[in-house]
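Here is the structure we will look at.
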Amino acid sequence: MNITVKGDRSVRFVAHIDAPAPPAAVFDFVSDFENLPSWDPSIVRVTRTSSGPLAPGVSFDVTLGVLGVGTTLRYVVETYDAPNRAVLVGTSPTTTAVDAITVEATPTGSRVTWQADIELAWPMRPLDAVVRTLFAPLVRRAIGNLEGCLRALPAADDDLEWQVLSVEARRDALRRHSPIVATGDWPSVSVVMT
């Protein structure tokens, strides 16, 4: 992972991750910010604030917890070109963050490039050096976790595992978006292929 200063008012984090899964599956996972808490320990919660499929204009409230302080950024999907590129812009009164995610096919699966530009607003701007120092280890840990999640996805040629994941993903989506609150475990789903 590279950490650089862009101009005099922004911090840039760039990470490259290789994964065995096909680009579409990797893109679906990384571009959906509802997945952030599963790999980024600095994320307290993510709430999707608009409905419909991921597309430009869809928004998320992302709450970060760093050193016991919670900050919420409203992220809006600016660009969504599945399975290649997504750009999400997060804003709060003190911060603007632009996350650009690119996924490319490789001979062994996919390569993700995640570039995050963070710009602090006045009067926080003099703290750029502190942001770099404070966030670098958090970002390294998060990227390591993301790499583990992506490597756990099935390889592109594992059709049966992708079918199982597809059924589980549909079940989980129903749980998340059901108007009826589930009071217990949902029944298991069995798929028999002949």
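Before moving on, here are some points about what is shown:
- Residue in region 68-81 that is surrounded by fewer than 15 Cβ atoms within 10 Å (Cβ to Cβ), at pLDDT below 95 and outside any strand (DSSP E or B) present: yes
- Scanning region 82-96 for residues that are more than 14 Å from Ser31 (Cα to Cα) and assigned to a loop (DSSP other than H, G, I, E, B) yields a count of 3.
- Selected residue (only one of Asp157, Asp99, Asp117, Asp128 is outside any loop (DSSP other than H, G, I, E, B), modelled with pLDDT under 80 and among the acidic types (Asp, Glu)): Asp128
- Number of the condition not met by Asp40 [criteria: (1) outside any loop (DSSP other than H, G, I, E, B); (2) modelled with pLDDT of 90 or more; (3) under 19 Å from Phe135 (Cβ atoms)]: (1)
- Selection of first residues in region 88-108 that are touching a residue at least 40 places away in the same chain (Cβ under 8 Å) and of second residues that are of a type outside the set (S, T, N, Q) and part of a loop (DSSP other than H, G, I, E, B), restricted to Cβ pairs under 6 Å at least 6 apart or on distinct chains, gives the following pairs, ordered by first then second residue: Val103/Pro83.
- If the condition is being of a type in the set (S, T, N, Q), surrounded by 13 or more Cβ atoms within 10 Å (Cβ to Cβ) and at pLDDT below 95, then region 51-67 contributes only Thr63.
- Any chance Ala24 is closer than 19 Å to Trp114 by Cβ and either modelled with pLDDT of 90 or more or loosely packed, with under 14 Cβ neighbours inside 10 Å (or both): yes
- Any chance Ile17 is within 16 Å of Arg141 (Cβ to Cβ), aliphatic (A, V, I, L, M) and modelled with pLDDT of 85 or more: yes
The values are calculated or read from the model by the stated rules, or taken from the named source; none is laboratory data. Given the structure is predicted, the values throughout are model-derived calculations rather than measurements. Note: ideal-geometry Cβ built from the backbone for every residue, glycine included; neighbour counts use all protein chains shown.
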